[in-house]
Each structure stands twice: as structure tokens, then as C-alpha cells.
Amino acid sequence: MSRVMVDPTNWADRAVGAVRGLVGSTGQPPREKAAPPGRWLVVTIYRQIDDVQTQVDGSGPLTRMRGEIELTVRPAPGDKGTELAVRPTAPDGGSVDLRRSLRAALRETKSILECGEVVEPSRPGSSHPGPAGQVLRAVTRRAWGEGRL
């Protein structure tokens, strides 16, 4: 019988690769996934089109970004209010930070028009000073720029 020598470093690399494949980690730093360039971000606001147009043209969260965005206001399907659609004017679709701030401005505009104020989650998110509380606070801070509109 012949004995086969197994290189322990090769075996360890294969084991780590198998675990990464199961977990989904590639060993590379995670990349931010931005929406395709020119993608519209749309919210439906339960108000008349004139009210929405007045708020958008006047002062509001979207006014600060007026030079960086393209904006349309149109009636929502089925007489369900008004659709407010925006997208970055940058040819590459804008940076991830621009899209996050745009999403946050859309949320704020919708909240102001429907409720009269910007509605935020209860503070503090967690009174726990440990790692779990810190993670929850960080996620809550970032949530305005991510997720569903």
C-alpha cells in the first residue's frame, strides 16, 4: 500500500473555501449595490396633485437637491392620490450617497404632505448599551436611505 502525503495548507484552504461557499462570503469586502443608472424612485402620496406640486416647488426636502434631480408629478393610477417620481440627472445614475439622500428626501416629503411632519421611529431604538443596542441604533440611523419607499 502506498501512502499519499496530504499538504495541510491545501486542505485548510479547501475547508475555508467550502465554509465560505456555504455562508456566502467571498473573502472580498462587500460592495454597495446601487440601482441601475437613471432608475426612477417613486412614491404615491395621498393628496391632490396641486398640493404636491406646491410643496415640491416651494420649500421642502427635495428643493435642496433641485439641481441634481429630474422630478415629475402625475396623478396616481385609480385616483389614489399623486405619484412623485425623481431620479438623479448624473449620467452614471449618481453615487450611492446621492441615492440614499434622495430616498430620504422622498420619504420626508411624503411624510410632510400626508402627516404635516416628518414621522420618525421612537427614540431611543434600544436602551441597551451593549453591542446589540449599538447595532440596532446604527441600522435605525441608516434606514432612511435604504429599504422600501
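Computed from the coordinates by the stated procedures, all read-outs in this text should not be read as laboratory data. Model, not experiment: these values are computed from the prediction. Note that each Cβ is placed from the backbone with ideal geometry, even for glycine, and that neighbours are counted across all protein chains shown.
Once backbone amide H atoms are built at 1.01 Å from N, ARG47 has THR82 as its partners under 5 Å, excluding neighbours fewer than 5 places away on the same chain. Rounded to the nearest 20 debye, the dipole magnitude of the range 41-126 is 240 debye, with +1 charges on Lys and Arg beta carbons, -1 on Asp and Glu beta carbons, and the Cα centre as origin.
How long are the three semi-axes of the equivalent ellipsoid for the range 41-126, computed from the Cα gyration tensor as the root of 5 times each eigenvalue, in whole Å, largest first?
They are 20, 19, 12 Å, listed from largest to smallest.
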